[in-house]
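The values are calculated or read from the model by the stated rules, or taken from the named source; none is laboratory data. As the structure is a prediction and not an experimental result, all values here were calculated from the model. Here the Cβ is made from the backbone with ideal geometry for all residues, glycine too, and neighbour counts use every protein chain on show.
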Amino acid sequence: MTALSDSELEVLREATRGVRNRVHLNNAGAALMPEPVLSAVVDYLNRESAIGGYEAHAENLDRLESVYDSVGRLVGASREEISLAENATLAWQRAFYSLQFKADDRILTTTTEFAANYVAYLQVGKRTGARVEVIPDDANGVLDPDALENMIDDRVKLISITWLPSNGGLVNPAAAVGRIARAHGIPYLLDACQAVGQMPIDIHELGCDMLTATGRKFLRAPRGTGFLFIGRDFLKTVEPAFIDLIGAPWVASGKYQLRADARRFETWEANYSTRLGLGAAADYALAVGLNRIEARCRNLSTQLRQELAGIAGVVLRDLGENLSAIVSFTLEAMEAREVMRALSSQGINVSVSPPSTTPLDATGRNLPNVVRASPHYYNTSDEISRLASAVRLLAA
């Protein structure tokens, strides 16, 4: 694997309009789209306006079908195992609510689970009597596979975790969880929103039955895009909580038949322009190389942590040893939202992660609002230092 050269980085930045006027370090929120992604969306919309929505769809049918191949390549899956969605939350809900639970069934999750997922567990628990239980962490604050193994019994009906939480830099051992889930025949749902586009993903190595992700974060796709992977064998065992004529055509009077592929989880209407953007983003990331993307993200985030650690009054809030490109910190002298506003006025984009996004972790660590800076491969070392210099002045 060769690192991105200066000339390659220049080309990548030239294809990214936003870097010309902002230091964009909010890629865990929504990354900047490259020109091929933007063009895929805009060109399609132009055709819709010129010839009509149905007509543009028919004209671009082959390209739209190829999106399933592109997303499949991104995670090491077949096109038949990919379902597209308008966002990751919807993709996750389609997977989760297709599962059946009863009283005293156990759903195992993690301390850093995203709040939107956790409230769904609670709702199903309220409806069915299923129990939600949290897998203990190790000494570094990372999900402990040994603790998970010790929790397994025949009442565990789902293991569902967030791989990379939305703050804290933590990377949970998703593949180790997958090995345990497979050994015991337990369904495994993995939220990979912050992982897709930041690092290589191999579905078979992860061992998950279901994986969900968004397009807008590190993948650099438009907002309003997401997808669900569901393994072909597991697909045979589940029926979506709701269906329409795409996922389950009416085949005879009083009878419907579920599609054999993952598109049984889709509905008829879709935003085809952003779907093309999602496909273009997947192709773009694959062309750059996910191993090279991960290495550069790691280098830039390591630099940022090192520079922030040297500033008096800055507290890094990250967990674990194998850290992602999500850097969380607070200032003793200034509240996180004020920090974000001050940095924005200097042309630097970061975001704020409130305790409500990861409530178990935030409660356990007594976290306030934290500043979240998330570099991507198109950022430069100078941009990292610019953020650190700005923070140093704010902390003084």
### Query
So how many residues does region 71-82 have that are over 13 Å from ASP202 (Cβ atoms) and surrounded by fewer than 20 Cβ atoms within 10 Å (Cβ to Cβ)?
3
### Summary
Counting only helices (runs of 4 or more DSSP H) wholly inside region 30-109, the ones holding at least 2 residues that are under 30 Å from LEU12 (Cβ atoms), of a type in the set (Lys, Arg) and modelled with pLDDT of 95 or more are 61-75
### Query
Does GLY129 satisfy being touching a His at 6+ places or on another chain (Cβ under 6 Å), surrounded by fewer than 16 Cβ atoms within 10 Å (Cβ to Cβ) and modelled with pLDDT of 95 or more?
no
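Evaluate the following for PHE242: is it surrounded by fewer than 14 Cβ atoms within 10 Å (Cβ to Cβ), touching a helix residue (DSSP H, G or I) at 6+ places or on another chain (Cβ under 9 Å) and not assigned by TED's automatic domain parsing to the domain that holds TYR378?
Working: surrounded by fewer than 14 Cβ atoms within 10 Å (Cβ to Cβ): yes; touching a helix residue (DSSP H, G or I) at 6+ places or on another chain (Cβ under 9 Å): yes; not assigned by TED's automatic domain parsing to the domain that holds TYR378: yes.
Spelling it out, PHE242 is indeed surrounded by fewer than 14 Cβ atoms within 10 Å (Cβ to Cβ), touching a helix residue (DSSP H, G or I) at 6+ places or on another chain (Cβ under 9 Å) and not assigned by TED's automatic domain parsing to the domain that holds TYR378.
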### Message
As an exercise: evaluate VAL42 against (1) under 30 Å from HIS204 (Cα atoms); (2) hydrophobic (A, V, I, L, M, F, W, C); (3) out of contact with any Leu (no Cβ under 6 Å at 6 or more places or on another chain) and give the number of the one condition it does not meet.
### Response
(1)
### Message
Is it the case, given these coordinates, that VAL350 is over 27 Å from GLU8 (Cα atoms), in the same structural domain as ALA295 (by TED's automatic domain parsing), at pLDDT 95 or above and out of contact with any Gly (no Cβ under 6 Å at 6 or more places or on another chain)?
### Response
no
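So that you can scan it fast, the table gives a plain yes or no per residue for (1) over 23 Å from the mean Cα position of the chain (by Cα); (2) of a type in the set (Phe, Trp, Tyr); (3) outside the structural domain of ARG264 (by TED's automatic domain parsing):
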| residue | (1), (2), (3) |
| --- | --- |
| TYR68 | no, yes, no |
| VAL71 | no, no, no |
| GLY76 | no, no, no |
| LEU84 | no, no, no |
| PHE96 | no, yes, no |
| TYR118 | no, yes, no |
| ASP144 | no, no, no |
| ALA147 | yes, no, no |
| MET151 | yes, no, no |
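Going through ALA115, ALA103, ALA95, ALA120 one at a time, which residue ends up being crowded, with 22+ Cβ neighbours inside 10 Å, in contact (Cβ under 8 Å) with a residue 24 or more places away in the chain, of a type outside the set (Ser, Thr, Tyr) and farther than 23 Å from GLU294 by Cβ? Before you say what the answer is, go through the steps one by one.
Details: ALA115 fails: crowded, with 22+ Cβ neighbours inside 10 Å; ALA103 fails: crowded, with 22+ Cβ neighbours inside 10 Å; ALA120 fails: crowded, with 22+ Cβ neighbours inside 10 Å.
From the options ALA115, ALA103, ALA95, ALA120, the qualifying one is ALA95.
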### Query
For region 121-218, which strands (runs of 3 or more DSSP E) that fit wholly inside it have 2 or more residues that are touching a Lys or Arg at 6+ places or on another chain (Cβ under 7 Å)?
131-135, 156-162
### Message
Restricting to region 379-396, and then to whatever is farther than 21 Å from LEU4 by Cβ and of a type outside the set (Val, Ile, Thr), can you tell me which residue is modelled with the lowest pLDDT?
### Response
ALA396
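Determine whether ALA221 is assigned by TED's automatic domain parsing to the domain that holds ASP154, modelled with pLDDT under 95 and hydrophobic (A, V, I, L, M, F, W, C). Working first, answer last.
Details: assigned by TED's automatic domain parsing to the domain that holds ASP154: yes; modelled with pLDDT under 95: no; hydrophobic (A, V, I, L, M, F, W, C): yes.
Taking the combined requirement at face value, the residue does not satisfy it.
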